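All of the numbers you see were taken from the coordinates with simple rules; none came from a lab. Bear in mind that the values here come from a model prediction, so they are computed numbers and not experimental data. Heads up, the Cβs are rebuilt from the backbone with ideal geometry, glycines too, and the neighbour counts pull from every protein chain shown.
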Amino acid sequence: MNFVTLYYFTVVVEEQNITRAAKRLHVTQQALSKSIARLEDELEVSLFERKPSFSLTYAGLRLYETARQITYTKDRFISELSDIKSARTEVLKVGMSQARSEMLLPMLLPHFLKTHPDSQIMLVQGVRKYIEDSLHYDDVDILFSFSPVMVNDIEEIPLLKERFFLIVPKKVISDKYGSRYDEIVTLMKEDTKLSLFKDAPFLMMNKNNRSRIIFENYSIRQGVTPRIVVEAESLSALLRLACAGVGITIYPETFTTIHDHLFRSKDSPIEVFPIRDKDTYGTFVVAHKKWKQLSIEASDFIETAIQCTKELAASITDEQEANYENSWNL
């Protein structure tokens, strides 16, 4: 048994299919099957159940758990040797969506780099599935996302609880309700009813985006089928379009702190209504593999994130808390 054989075995387990695993490893299916068979002969146990479906035996499960730790320890040792030879600082790999990185990193990095001025950070960005896969395959050390993170054997550290605001252009309300403007705003602040705007244009993130899925489910519970006129990948783009009067959108509560002029000013072109549906709330977390020993930099980065998100939650004004019954803090 050697590192190559163990690695081949872990890839077969992760892919749950010899053909896919062989393709990922760039070896023939026959060569991979022989490698697994030799490993089973050497250990004198069956590692996989072939029928009725391809799955791990208990011995295979124990080997997989051990192999991951062995592989990680080996990779970390080689990396440390490389750093020693080149006098290079360890690179901290962080997974986060683009929107979250634009909001969190300007707060987080200045604090972190004060205590770790020589650290190197590689940011891995993408849709939720991509960055979760990056954690699964150890392409990132820590991941910022919403619970539950769909990766096995991880620890989730809750940072804050978040809900959405419904962003309605004042122009949309005026065009639809005219002199009833103030009445509609009062009704919406008491209870956000999508039915009041069921025929209005909506601006949404692309399908499969978390906020889009949450809003679609919320719409179903409200008995409304929104008329979506714009789909985009950028939250900030949708907000700007809403401010231009193009249509209604939703916006994460934490992001409102970086747009004071829009969310606090009486001269803002939008009205902001909290969505109080508990099923739309989410818990923002930082996650890492349970079995993976975190570096000092990774541990300190997480601690810095915890402190920064506490400050973010506390930055809500007393007026907001009174008006919107805010529920950021966990």
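Computed quantities for the displayed model
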{"read-out": "The stretch 164-280 shape via C-alpha gyration tensor axes, a/c threshold 1.5", "value": "rounded"}
{"read-out": "Residues THR186 and ASP118, FRET efficiency given R0 of 56 Å [Cβ-Cβ distance, rounded to 0.05]", "value": "0.50"}
{"read-out": "Extension gain (nm, one decimal) between TYR72 and ALA59, 0.36 nm per residue minus Cα-Cα", "value": "2.7 nm"}
{"read-out": "Considering only the chain, percent of DSSP beta bridges that pair antiparallel, nearest 5", "value": "65 percent"}
{"read-out": "Cα-projected label distance for ASN2 with ASP175, points at 7 Å along beta-carbon direction, nm", "value": "6.9 nm"}
{"read-out": "Computed FRET value (nearest 0.05) for TYR137 with LYS266, which takes r as the C-beta separation and R₀ as 56 Å", "value": "0.65"}
{"read-out": "Long-range amide H partners of THR192 with built H, under 5 Å", "value": "ARG276"}
{"read-out": "Other-chain or far-sequence residues with amide H under 5 Å of ILE121's (modelled H)", "value": "LEU92"}
{"read-out": "Calculated from backbone phi, Karplus (6.51, -1.76, 1.60) coupling profile of the stretch 102-110 in Hz, x at Gly/Pro", "value": "5, 8, 8, 4, x, 8, 7, 5, x"}
{"read-out": "Residue-wise HN-Hα coupling along the stretch 241-256, computed from phi with Karplus coefficients 6.51, -1.76, 1.60 (Hz; x: Gly, Pro)", "value": "5, 4, 5, 7, x, 6, x, 8, 9, 10, 9, x, 4, 5, 6, 5"}
{"read-out": "C-alpha center-to-center spacing [the stretch 105-143, the stretch 5-47] in angstrom", "value": "32 Å"}
{"read-out": "Order by protection proxy (mean Cβ within 10 Å, highest first), peptides 288-296, 302-310", "value": "302-310, 288-296"}
{"read-out": "Amide H contacts under 5 Å for LEU56, placed H, 5+ residues apart", "value": "GLU49"}
{"read-out": "Full-stretch length increase - SER299, SER236 - with 0.36 nm per residue and alpha-carbon distance subtracted", "value": "19.6 nm"}
{"read-out": "Relative contact order (percent, whole number), the chain, Cα cutoff 8 Å, 6+ residue spacing", "value": "21 percent"}
{"read-out": "Contour excess over end-to-end distance, with Cα ends at ARG24 and SER46 and 0.36 nm allotted per residue", "value": "5.6 nm"}
